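Have a look at the structure below before the remarks.
The values are calculated or read from the model by the stated rules, or taken from the named source; none is laboratory data. Predicted model only: the values in this text are computed from it and were never measured. Neighbour counts run over all protein chains shown; Cβ positions are idealised from the backbone, glycine included. The accessibility values were calculated without ligands, DNA or RNA, using every heavy atom of the protein model including side chains. Shrake-Rupley method; radii C 1.70, N 1.55, O 1.52, S 1.80 Å.
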Amino acid sequence: MSSESKSESIEKWNSLYINAIKSEPPSLLTATIVHGFKRGSKELGIPTANLDMDELGEEFQTFKLGIYYGWAKMNNGDIHRCVVSVGWNPYYKNEKITIEAHLLTNLEDFYGEKLSVLICGYLRDECNFTSLEDLISCINEDIRRCNVNLDTDASIGKYKDTSTWPVAIRK
Ligand code: RBF
Ligand code: MG
């Protein structure tokens, strides 16, 4: 019989919940940042860098739709944490799949730059929401779980140094 106390099992359950699914090896997507709908920064206060889907070709089609976390590398080599949405944005009923990364840093204008996104793991499925506030608080929870994972999983944390990145499938 297990001697686990209730608080121990709650703690264990919480840690399972906090830890997102990890993709090993991670997937690397590289494309130019294009203009999106401008809702990210204006409506949500959560700007996203939208990847040019034409440049990505078929590579993204192997992706399960949903919300991911990982690392993003800018033109100048700077690396930032990021949460990534791959899908239809059901709340906005988009008609095309977009891949957008919200970088956990304050960036000015990033349009036209090439961005590499190293997708390290899965957070959740895309959802619909009854209010904008619910969408925003869900994204804030994604950001918290992204940080927990990048901080606690050394095998993912090592990617904050690009020399450890896998070679791109396509450039
Ligand atoms: N849009 C949705 O309709 N449902 C979601 O569950 C959802 N989750 C997101 C999670 C993250 C981390 C990010 C960056 C975006 C998410 N979005 C979602 C997309 C959001 O609606 C989109 O970034 C803005 O509409 C700007 O295009
Ligand atoms: Mg955007």
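Some points to look at:
- Amide N of the range 79-93 lying under 19 Å from the label point, which is placed 7 angstrom from the Cα of Lys114 along Cα→Cβ: 79-80
- Candidates Arg81, Arg145, Arg124: whichever shows maximal mean-square fluctuation once the chain is modelled as a Gaussian network with Cα springs under 10 Å: Arg124
- Estimated FRET transfer efficiency when R0 is 22 angstrom, pair Asn106-Asp54 (beta carbons, to 0.05): 0.15
- Two-site label geometry, Ser5 and Lys93: point separation in nm, points 7 Å out along Cα→Cβ: 5.3
- Helix-only arithmetic for the chain: the sum of -39500 (n - 2.57) across DSSP H runs with n ≥ 4, divided by the residue total, places the mean residue ellipticity at 222 nm at -7500 deg cm²/dmol.
- Estimated translational D of the chain in µm²/s (Stokes, Kirkwood radius over Cα pairs; 37 °C; 0.692 mPa s): 195
- Among Phe110, Leu150, Asn76 - extreme Cα towards positive end, dipole of the range 45-171, charges at beta-carbon: Leu150
- Gain in span if fully extended, Ser41 to Ile21, counting 0.36 nm per residue against the direct Cα distance: 4.4 nm
- Residue-normalised accessible area of the chain, expressed per residue, 1.4 Å probe, Å²: 57
- When the square roots of the Cα gyration tensor eigenvalues are ordered a ≥ b ≥ c, the ratio a/c for the range 51-117 is 1.5 or more and a/b exceeds b/c, which makes its shape prolate.
- 5 angstrom amide H check on Gly121, placed H, neighbours 5+ away: Ser23, Tyr69
- Here is the list for the range 105-167: GluC sites (Glu not before Pro) lying in DSSP coil, each with at most 15 other C-beta atoms within 10 angstrom of its C-beta, are Glu108, Glu113, Glu126.
- Taken about its Cα centre, the range 27-104 carries a charge dipole of about 360 debye when Lys and Arg each add +1 at the Cβ and Asp and Glu each add -1 at the Cβ.
- Residue with peak Gaussian network fluctuation, the chain [Cα springs, cutoff 10 Å], from Gly121, Gly45, Gly66: Gly45
- Comparing Cys120, Cys138, Cys82 in a Gaussian network model of the chain, where Cα atoms under 10 Å apart are tied by springs, the biggest mean-square fluctuation is seen for Cys138.
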